[in-house]
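Notes to accompany the following structure.
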Amino acid sequence: MANKHRTWFKAVYRPLPMGLIFTFISALGLLWGAWNLAGWQAREAERSALQALHDQASESSLRFYTQLYGSLQTLEAVPLQRCTAAGLAQLHDLRRHLLYVREIGYLSANEPVCGSGRIPTISELQQYQHWQFGEVDLWWAPDNLADPQLPSLVMGRNGYLLASSLQYLRDQISMPTGIDALVVGPKSAQVLDFRGVSTSLSAEQQRALASSQPLWIGRQRVYISGPSDNYGMRLLISADPQRLQQLTWQYRALWAVMALLLAALIGWLAALQLRRDQSLERALQMALRRGELEVDYQPLVDLETRRCLGAEALVRWRRADGQRVRPDLFIPQAEDSGQICAITQRVIELVLSEQGEFLKQNPNLYISVNLAAADILDASFVQHAQALLTKYQVAPAQLLYEVTERGLVDVALASSLLQALRDSGHRIAIDDFGTGYSSLSYLQQLPVDVLKIDKSFVDTLGSEAASSPVAPHIIQMARSLGLKVIAEGIEHEAQASLLLELGAHVGQGWLFAKAMDAASFRAFVAEHG
Ligand code: C2E
Ligand code: MG
Ligand code: MG
């Protein structure tokens, strides 16, 4: 069964099928996103188009009311309390000059005193819808539009009245085909459409007016409404929903094409990446088989005496064409593909075969070997390493293992496996300390002997960098936990002496030596032993 799964996985885990799977999955996700985005975008476009029409109409109708209000103010300057012949003449003259005004007059005790023509009495005006806007009274009767003798809009204050017509108001508002505009009074029982027809609000229109959504989509129409700032009146603009639907489909088509192109690109990149990984994976497999891996040794130096205490084993891949591949180019890939365990075994074997004899002769010397997360989690690792040490008769204390914080995600598990290594006589170092996800909390729980301060912290030492250096704190902490400190990447004498002063014991870096082959390392020890 497991075998069946493996063959199935092998068949699928190839660039073309994986590329297609990635394309398919990302197409699903992206199309879903495109669908929603198109809907939102179309609604936004429709909203802003209708909003522009609303604002335009609102501005024009406000201009109309303002004009009317101006006329009312002019009228108020005329003394009409007593209707003299001169006053009446003035009134007639005035009426001719006032825009949008049909009749003007003055009421006292609810009865007309003086007027340019027939002014409605208050009891007549009671048939109208009435509201106040500030100090101004407004009456409107859209139904009166059918009878040109009757005023359909009256504005008044302090007994002065202006009779106008909603005809003028609707003349202000023009809408393109497919768009409707309704003028709604505060008591929205009767409304006026922009063609001049008086109607009453449908249930859908009432809901649209009550809604606070910027665009309200009903069954029959798509609506937008404004505040009642037009002397108490509001505008309700509506459009044929087909417009929105068409717009939505246009955006959907556009975004779907984009989504599919992007999905294809993602699939293609995934396939490309897998092809690269797999070719690197195959090449590494060959390298292990052909023995193309080598180890260089970078000396570890006592910071005080400058004597060589040991070295860090650093893997190198010498390809068939003689080119040397840097470990940071293939170690991450080997970690992903699981080949790292075989590489670590090979490194330990190379270290012991190249330096086993030398280590036996120099029992105080040690070599540190980098372990990856997978090595720590591999329960058989301890036995393998033990078998090699026995074979080359090297004391476990002469192999130090470096683990990075990345390898310690499961602290409890890592801790028990590191303890097993320690029980068999090895020392453990935390490599690149301070660059990982957490630092302090797990240090106390882990069986560790050495902290290796990452090069990035050493770099800031001795320079004029403004940030306060972290290295002194790390050293302080290591000392309080009884751990030894190795400082990596020392390139300048100033850094070395500062680190010594701060309490670091061991240094590694180009100041002392770069990584070198086995024989050069032995020569280095002879010189600096
Ligand atoms: P690392 O374990 O932190 O090794 C130290 C790296 O810093 C080495 O790079 C070394 O050459 C470099 N270095 C040391 N002193 C200086 C210095 O003064 N200045 C500068 N600029 N660099 C310095 P390298 O050999 O390229 O290794 C890179 C990384 O690859 C290592 O970092 C380690 O994480 C990994 N690696 C190397 N060998 C192995 C191995 O056998 N197994 C595993 N799992 N990882 C390895
Ligand atoms: Mg290291
Ligand atoms: Mg390091």
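The values are calculated or read from the model by the stated rules, or taken from the named source; none is laboratory data. Being a predicted model, the structure only gives us computed values, none of them experimental. Cβ coordinates were reconstructed from backbone atoms using ideal geometry, including for glycine residues, and neighbour counts include every protein chain displayed.
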> Any idea which of (1) at pLDDT 85 or above; (2) crowded, with 16+ Cβ neighbours inside 10 Å; (3) out of contact with any Phe, Trp or Tyr (no Cβ under 9 Å at 6 or more places or on another chain); (4) of a type outside the set (Val, Ile, Thr) is the one Ser116 doesn't satisfy?
Replying inline: (1)
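Considering each of Leu499, Leu446 in turn, give the residue that is at pLDDT 90 or above and either assigned to a helix (DSSP H, G or I) or closer than 24 Å to Val411 by Cα (or both).
Being at pLDDT 90 or above and either assigned to a helix (DSSP H, G or I) or closer than 24 Å to Val411 by Cα (or both) holds for just one of Leu499, Leu446, which is Leu499.
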> Any residue at all in segment 378-397 that is part of a helix (DSSP H, G or I), among the small types (Gly, Ala, Ser), under 15 Å from Gln419 (Cα atoms) and more than 12 Å from ligand 1 (Cβ to nearest atom)?
Replying inline: yes
>> For Asp321, only one of the following conditions fails: (1) in a helix (DSSP H, G or I); (2) without any contact (Cβ under 8 Å) to a residue 24 or more places away in the chain; (3) among the charged types (D, E, K, R). What is its number?
In response: (1)
> Filtering segment 405-434 down to residues that are more than 16 Å from ligand 3 (Cβ to nearest atom) and among the small types (Gly, Ala, Ser), which residue is modelled with the highest pLDDT?
Replying inline: Gly425
>> Restricting to segment 286-332, count the residues that are polar (S, T, N, Q) and within 16 Å of ligand 2 (Cβ to nearest atom).
In response: 1
> Is there a residue being surrounded by 22 or more Cβ atoms within 10 Å (Cβ to Cβ), of a type outside the set (Lys, Arg), more than 24 Å from Leu481 (Cα to Cα) and away from ligand 1 (no atom under 11 Å from the Cβ) anywhere in segment 414-431?
Replying inline: no
>> With the requirement that a residue be closer than 24 Å to Glu349 by Cβ and either within 16 Å of ligand 2 (Cβ to nearest atom) or outside the structural domain of Ala379 (by TED's automatic domain parsing) (or both), what does segment 389-405 give you?
In response: Leu399, Leu400, Tyr401, Glu402, Val403, Thr404
> Hey, among Ser463, Ser480, which residue is modelled with pLDDT under 90, surrounded by fewer than 16 Cβ atoms within 10 Å (Cβ to Cβ) and within 16 Å of ligand 1 (Cβ to nearest atom)?
Replying inline: Ser463
> In segment 26-48, what residues are over 20 Å from the mean Cα position of the chain (by Cα) and either without any contact (Cβ under 8 Å) to a residue 24 or more places away in the chain or outside any helix (DSSP H, G or I) (or both)?
Replying inline: Leu28, Glu44, Ser48
> Which of the residues spanning segment 40-99 are within 16 Å of Val113 (Cβ to Cβ) and touching a Leu at 6+ places or on another chain (Cβ under 6 Å)?
Replying inline: Gly87
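Okay, residues lined up against (1) away from ligand 1 (no atom under 16 Å from the Cβ); (2) outside the structural domain of Ser200 (by TED's automatic domain parsing):
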position: Pro227; (1), (2): yes, no
position: Ala264; (1), (2): yes, yes
position: Leu269; (1), (2): yes, yes
position: Ser279; (1), (2): yes, yes
position: Arg306; (1), (2): no, yes
>> Quick check on segment 165-209: of everything there that is under 41 Å from the mean Cα position of the chain (by Cα) and closer than 11 Å to Leu236 by Cα, which residue is surrounded by the fewest Cβ atoms within 10 Å (Cβ to Cβ)?
In response: Gln206
> Out of (1) within 30 Å of Asp302 (Cα to Cα); (2) more than 16 Å from ligand 1 (Cβ to nearest atom); (3) without any contact (Cβ under 8 Å) to a residue 24 or more places away in the chain, what's the single condition that is false for Pro327?
Replying inline: (2)
> Before we move on, is Ser198 modelled with pLDDT under 90 and hydroxyl-bearing (Ser, Thr, Tyr)?
Replying inline: yes
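Table: residues versus (1) outside any loop (DSSP other than H, G, I, E, B); (2) within 16 Å of ligand 3 (Cβ to nearest atom); (3) at pLDDT below 95.
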{"position": "Gly436", "(1), (2), (3)": "no, yes, yes"}
{"position": "Leu451", "(1), (2), (3)": "yes, yes, yes"}
{"position": "Val458", "(1), (2), (3)": "yes, yes, yes"}
{"position": "His473", "(1), (2), (3)": "yes, no, yes"}
>> So, Glu312, is that one away from ligand 1 (no atom under 11 Å from the Cβ) and at pLDDT 95 or above or not?
In response: no
> Is there a residue in segment 487-496 that is at pLDDT 90 or above, of a type in the set (A, V, I, L, M, F, W, C) and within 22 Å of Ala313 (Cβ to Cβ)?
Replying inline: yes
